[in-house]
Amino acid sequence: MTRLGVLLSGRGSNLDAILRAKDDGRLDCEPALVLSNRPQAGGLAIARQHGVPIQVLDHRAYAERQAFDRAVVDALRAARVELVALAGFDRLVTSQLLAAFPERVLNIHPALLPAFKGLHAQRQALEYGARITGATVHFVDEHMDHGPIILQGAVPIAPDDSEDSLTARVLAVEHAIYPVALQLCAHGRLRIDGRRVTIQGPLPSLPPPMAWLP
Ligand code: GRF
């Protein structure tokens, strides 16, 4: 089974969704390490509950990003990680990590990229007056929220939505699509051609409104 490393900084609800997918037999990965740059991250407790090894590397102990990423790579390699999921990881990653895991680092973003990159994507969508937003799983490259897109799910915005209500519905979509994207990657079913990602073999079933066009 593919050994999975999860990098996070906060609450860890996506980690929880990933671990539940593994327990339900929807994700053929062995969670090998959960690494946080923040000692207080809620995701560490979730990892502990599931018996997943954890490690904290405080980025403030490193003079620059590359040095921090070298330490992250060392930790992932020591855990024999083969696939890396960023799940609410609040650091920009560098070539150190990407070169160590080429085409094997994924991220989840709470908007339909390329719209609303960066922090507070749900608030950005509301303030912009968008009618539809959503969530995106993509390969990571050296630019923020930029690499080739693997899966997206749409979320309509209601007139009376608050940032909290919208965030909750976007999160439900995140939790649905991230394990599916990881499963496809773990099984080597994703081909990257420039910016376009194609899925080899049968398309996974997704709940509406994430259904595929025939
Ligand atoms: C999610 O909204 C994710 O899309 C973004 O950060 C948030 C992390 O939430 N990158 P959680 O820690 O997984 O609950």
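The values are calculated or read from the model by the stated rules, or taken from the named source; none is laboratory data. On a predicted model such as this, the values are computed, not experimentally measured, just so you know. Cβ: placed from backbone, ideal geometry, glycine included. Neighbour counts: every protein chain shown.
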Among the residues of region 28-45 satisfying the criterion of being touching a strand residue (DSSP E or B) at 6+ places or on another chain (Cβ under 8 Å) and within 12 Å of the ligand (Cβ to nearest atom), which is nearest to Val84 (Cα to Cα)?
-> Val34
Top-ranked residue in region 106-152 [being among the basic types (Lys, Arg) and within 14 Å of the ligand (Cβ to nearest atom); ranked as nearest to Asp90 (Cα to Cα)] | Lys117
For region 178-185, indicate whether the set of residues that are polar (S, T, N, Q), under 17 Å from the mean Cα position of the chain (by Cα) and more than 29 Å from Tyr128 (Cα to Cα) is non-empty.
-> yes
Collect the residues in region 87-122 that are of a type in the set (Phe, Trp, Tyr) and either at pLDDT below 95 or at positive phi (or both), keeping them in residue-number order.
-> Phe116
Top-ranked residue in region 1-23 [being surrounded by fewer than 20 Cβ atoms within 10 Å (Cβ to Cβ) and more than 12 Å from the ligand (Cβ to nearest atom); ranked as nearest to Asp58 (Cα to Cα)] = Arg3
Out of curiosity, is Arg26 surrounded by fewer than 18 Cβ atoms within 10 Å (Cβ to Cβ) and closer than 13 Å to Leu182 by Cβ?
-> yes
Select from region 156-202 the residues that are assigned to a strand (DSSP E or B) and hydroxyl-bearing (Ser, Thr, Tyr) and list them in ascending order.
-> Thr198
Do we find a residue being within 26 Å of Glu103 (Cα to Cα), away from the ligand (no atom under 13 Å from the Cβ), modelled with pLDDT of 95 or more and surrounded by 11 or more Cβ atoms within 10 Å (Cβ to Cβ) anywhere in region 163-181?
-> yes
Residues located in region 59-76, provided they are closer than 20 Å to Leu4 by Cα and either touching a residue at least 24 places away in the same chain (Cβ under 8 Å) or within 19 Å of the chain's Cα centre (by Cα) (or both) = Phe68, Asp69, Arg70, Val72, Val73, Ala75, Leu76
